[in-house]
Every structure is written in structure tokens, then in C-alpha cells.
Amino acid sequence: MKFISDELAELRESGLYRELRTVDGPQGAHVRLAGREVLCFASNDYLGLANHPKVVEAARRAMDTYGWGAGASRLVCGNMRLHQELEERIARFEGTEAALVFPSGYMANVGAVTALIGVGDLVLGDKLNHASIVDGCRLSGAKFRTYGHGDVKKLHRLMARRPHYRRAMAVTDTVFSMDGDLAPLPEITALCRAHDAMLMVDEAHATGVFGETGRGLVEHFGLKEQVDVTMGTLSKAVGSVGGFIAGSQDLVDYLRNKARTFMFTTALPPAACAAAIVGLDLIEQQPELRAALWRNVQRLTEGLNALGLVRGEGRSPIIPVVLGEPKTATAFSTFLLNDGVLAPAIRPPAVPPGTSRLRLTVSAAHSAQDIHRLLDALSRALRQLPAVNPCEGCRPSQGCAGPEDDDED
Ligand code: PLP
């Protein structure tokens, strides 16, 4: 199997080889890595709930009653009381008739997209959509076209093809996972309504973060009635694990019967459901967590602006510092880690070529002092590392559209 060693050598040569780092102990603003404590600006645990005492206690209590494993798929005998309670809790949280839980957000996207569209249909997605959406679109057998990042004019043009297809769907991240910027949801919903296309939104990075009550970007824009399929994950601000689809009872009944990533996999451990229920409760009961998060977004973006690393306001807790080539991003990341700050380099294929970056994420659990420490370390990196060439034409903190014309068929 020479191709394996050849390709590994190529990855190493181009700075794209990936290795794992091991965290000893719980997630949080500070984590234990290789025997020392470092500051973490890499996690999606936006509200600090992954190690919240109430979340941990809920999981522990559930294990006393239900044990750990679910033993089978939901449709066989793995559907336990807590799965049911979690789905009811999500539906109440989202204000929808029903919800369906999947073992991960990735599986929720792949399962829902492949169930809702297929051969003879059209699916349109933002070029920077999450890999799980892209994989669902590719697997579906539908005609799959992408539009440039946030380019509603291009989406409009693509929608003109709608009459040639049986069904059509637009699907978008609401907060983009690597750029932290926001989808133009009002325009996208209007186009979907005008062209009789379904709209699916992925609120993975918006749940618990956006909206008056933390329901997400759809709440922020007041568009709840316009969205057909809401996808969310329990693994980020909610602090647990698992993904979900929320919507009408018919939608949920349909996916329970058609979504292969729901049907053919073992159910989540019930204790993970108990933890997610408490995570959702905390999002509702403690709006001060969201307020603290947004204060930290502002603190960090002000500091990054002062260093010249980003321009403009932070749109979300995900703040990319685009550095260009993979080796530059890795050099920054290594420098920061030696300085006690974990901020991994994000490289292709997670982001378009030429836009390797530090993807900084901030949480409600960071203190003002934590943020100052990060900014100090970045300022030292800027002084000590070779000159940075930010991605040409790319506006850090405002996303990078990437190439425009490699639409998928
Ligand atoms: N959608 C988006 C936009 C994401 O960023 C992610 C996670 O990285 C997912 C879906 C998948 O969610 P999960 O990690 O729960 O599988």
C-alpha cells in the first residue's frame, strides 16, 4: 500500500498533516495538555456548559438509572425514556411541533438532506457550508449547485432552474463554522418562498448564542415561520453531544422513516440526553451566560483590531485570523502553544486553499485576563515570526468567499 505512505509524505510536505493533541481533564477556558495548563481558544463550548456542575450531575444521575449504553438503534429497542424527553424538550425550545435526535450533528445533516431530496431534485448551498451538509448534498443524488459565500444574487440565478426539477431545497449554515459570519437569511428565505423551494438551516453555531432567548439566528431575524427544516447540534453551546432536526410533526415522522443516519445507528447514550436537557434549561434560565459571551466577543475583536489582525466588529464567537499558507498558520499556532495558548491552525480542506487561519473561539467562561493573555501572545507572535501575508482579497472576520466557479454537478 505504497500510496498511503506517498500521500502521508505529501501531506507532511505541504503542511497539511494532522495529528491529535490529548486533553487530560475537562473542557473549559483552561485545559490540561501534555502535563501543563493552557488557555483554550479553540472549543465550541461557547457557554462553558460542557463541564457545568448541573450538566455533569444530570449525566451522572441518568447513568444511575439507565446505565451507559443504549444497546440498539432507536427503532429496535434503543429508544429510552430520555430520548423521548430530549426530543420534547428540543421541540419546546425551538417552538416546533416536534424534533428528532441523531447521534451527532453531522448525522443529522447527512440524514435529513439525503431523505428530503434525491434524484430529480435540485439542492443549492453556500460554498462555505459545513462538510456534513456538503456530504449530504453529494450523497443525495440530487443536482447540487453551490453559490459564492453569501451571494444571494447567484442563488437567485440558480433558482431560475427550479421549474426543471421535482423538488428544490436551499441549505445553509446560519453562522459559518470557520468564518463566524452570518448567512443573509432574510434574502434566502424570500428566494425560497418565491421559488417554492424548501429551506433548511444549520444552527450549529447559533443555538444558545444568537436571538433574544438563544434560539439561534432564525430567532435573531424573526424568521421562524419561514424555515422548513431547522438543524441544530447539542455538542456546542448546549455542552453535550448529538444533533437534531426540529420542525413539523410530519417532517419528524418522515425522517424517522427515511433518514438512514437515524435508522441504522445505535441511539445516543441516555446520559448524553440528560446532559443536553439540562444544557437547554441553562440556556433558557441563564441569559447572563450569553451576555458574558458577547462581552468577550467584543473584548477580543477590539484587541485583534488593535493588532491589525482583523477588521470590524466580531459577528459571532468564531473569529478567524486568516494567515494564508498552512505553514504560516501552523507556525503561529505552535508559537502560541509554546506561550501557553491553544489555538489550532485550520487548514484545507476545512477552509479554502490560501486561507489557512487561526480560528479563535471565545466563550462565556473566559475572563478579561484570559483574553489579554491571548492578545499578548499574539502580539509577541507578530513581532517574532516572519511577516504575515493575510489572504489576498480576504477580509479576516468577514469570511473568505473562496473561488466562485467550481460549482458541483
Ligand atoms: N454543522 C456545522 C455548521 C458544524 O460546524 C458542525 C460541527 O463541527 C456540525 C454541523 C456537526 O455537528 P457535530 O459536531 O455535532 O457532529
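The values are calculated or read from the model by the stated rules, or taken from the named source; none is laboratory data. All values derive from a computational prediction rather than experimental measurement. So basically every Cβ, Gly included, is an ideal-geometry build from the backbone, and we count neighbours across all protein chains shown. Quick note on the areas: whole protein, heavy atoms, side chains included, nothing else; ligands and nucleic acids left out. Shrake-Rupley method; radii C 1.70, N 1.55, O 1.52, S 1.80 Å.
For region 158-191, which residues satisfy the criterion of being within 16 Å of the ligand (Cβ to nearest atom) and either farther than 15 Å from GLN226 by Cβ or more than 25 Å from the chain's Cα centre (by Cα) (or both)?
Passing the criteria: ASP173, VAL175, PHE176, SER177, MET178, ASP179, GLY180, ASP181, LEU182.
So, in region 119-133, of the ones that are surrounded by fewer than 21 Cβ atoms within 10 Å (Cβ to Cβ) and aliphatic (A, V, I, L, M), which residue ends up farthest from the ligand (Cβ to nearest atom)?
VAL119
Can you pull out every residue in region 134-157 that is in a helix (DSSP H, G or I) and within 16 Å of the ligand (Cβ to nearest atom)?
Hits for region 134-157 are VAL134, ASP135, GLY136, CYS137, ARG138, LEU139.
Name every residue in region 243-292 that is hydrophobic (A, V, I, L, M, F, W, C) and assigned to a loop (DSSP other than H, G, I, E, B), in order of residue number.
Result: ALA259, PHE264, ALA267, LEU268.
Over 27 Å from the mean Cα position of the chain (by Cα) and either modelled with pLDDT under 95 or not basic (Lys, Arg) (or both): does that describe VAL55? Quick ask: steps written out before the conclusion?
On the way: over 27 Å from the mean Cα position of the chain (by Cα): no; either modelled with pLDDT under 95 or not basic (Lys, Arg) (or both): yes.
It is false that VAL55 is over 27 Å from the mean Cα position of the chain (by Cα) and either modelled with pLDDT under 95 or not basic (Lys, Arg) (or both).
Please list, ordered by first then second residue, the pairs with beta carbon atoms under 8 Å, 6 or more apart or interchain, first in region 77-91 and assigned by TED's automatic domain parsing to the domain that holds LEU280, second assigned to a helix (DSSP H, G or I) and of a type in the set (Ser, Thr, Tyr).
Listed pairs, sorted by first residue: MET80/TYR66; ARG81/TYR66; LEU82/TYR66.
Do you know which of the residues in region 102-118 that are surrounded by fewer than 24 Cβ atoms within 10 Å (Cβ to Cβ) and more than 16 Å from the chain's Cα centre (by Cα) is nearest to the ligand (Cβ to nearest atom)?
For region 102-118, the residue satisfying everything is THR114.
Out of ARG315, ARG295, which single residue is free of Cβ contacts under 8 Å to residues at least 60 places away in the same chain, open to solvent by 40 Å² or more (accessible area, probe 1.4 Å) and charged (D, E, K, R)?
From the options ARG315, ARG295, the qualifying one is ARG295.
Go through (1) of a type in the set (S, T, N, Q); (2) open to solvent by 40 Å² or more (accessible area, probe 1.4 Å); (3) over 27 Å from GLY111 (Cβ atoms); (4) touching a Ser or Thr at 6+ places or on another chain (Cβ under 8 Å) and name the single condition THR266 misses.
Result: THR266 fails condition (3) only.
Could you tell me which numbered condition ALA194 fails, if it satisfies all but one of (1) within 11 Å of the ligand (Cβ to nearest atom); (2) open to solvent by 50 Å² or more (accessible area, probe 1.4 Å); (3) among the aliphatic types (A, V, I, L, M)?
Result: ALA194 passes all but (1).
Please go through region 295-329 and pick out each residue that is of a type in the set (Val, Ile, Thr) and more than 22 Å from TYR46 (Cα to Cα).
THR328
Would you check which residues across region 60-82 are surrounded by fewer than 19 Cβ atoms within 10 Å (Cβ to Cβ) and among the aliphatic types (A, V, I, L, M) and list them?
Within region 60-82, MET63, ALA72, LEU75, VAL76 meet the criteria.
Scan region 256-265 and tell me whether some residue there is within 16 Å of the ligand (Cβ to nearest atom), out of contact with any helix residue (DSSP H, G or I) (no Cβ under 6 Å at 6 or more places or on another chain) and within 30 Å of GLN27 (Cα to Cα).
Scanning region 256-265, I find at least one residue that is within 16 Å of the ligand (Cβ to nearest atom), out of contact with any helix residue (DSSP H, G or I) (no Cβ under 6 Å at 6 or more places or on another chain) and within 30 Å of GLN27 (Cα to Cα), so the answer is yes.
Can you confirm whether region 210-226 contains a residue that is under 19 Å from the mean Cα position of the chain (by Cα), within 12 Å of the ligand (Cβ to nearest atom) and among the β-branched types (Val, Ile, Thr)?
No: region 210-226 contains no residue that is under 19 Å from the mean Cα position of the chain (by Cα), within 12 Å of the ligand (Cβ to nearest atom) and among the β-branched types (Val, Ile, Thr).
Given the residues LEU86, LEU82, LEU100, LEU75, which is the only one that is of a type outside the set (Ser, Thr, Tyr) and in contact with a Lys or Arg (Cβ under 7 Å, 6 or more places away or on another chain)?
Being of a type outside the set (Ser, Thr, Tyr) and in contact with a Lys or Arg (Cβ under 7 Å, 6 or more places away or on another chain) holds for just one of LEU86, LEU82, LEU100, LEU75, which is LEU100.
Could you pull out the residue among GLU85, GLU97, GLU57 that is open to solvent by 10 Å² or more (accessible area, probe 1.4 Å) and touching a strand residue (DSSP E or B) at 6+ places or on another chain (Cβ under 8 Å)?
Exactly one residue qualifies, and that residue is GLU97.
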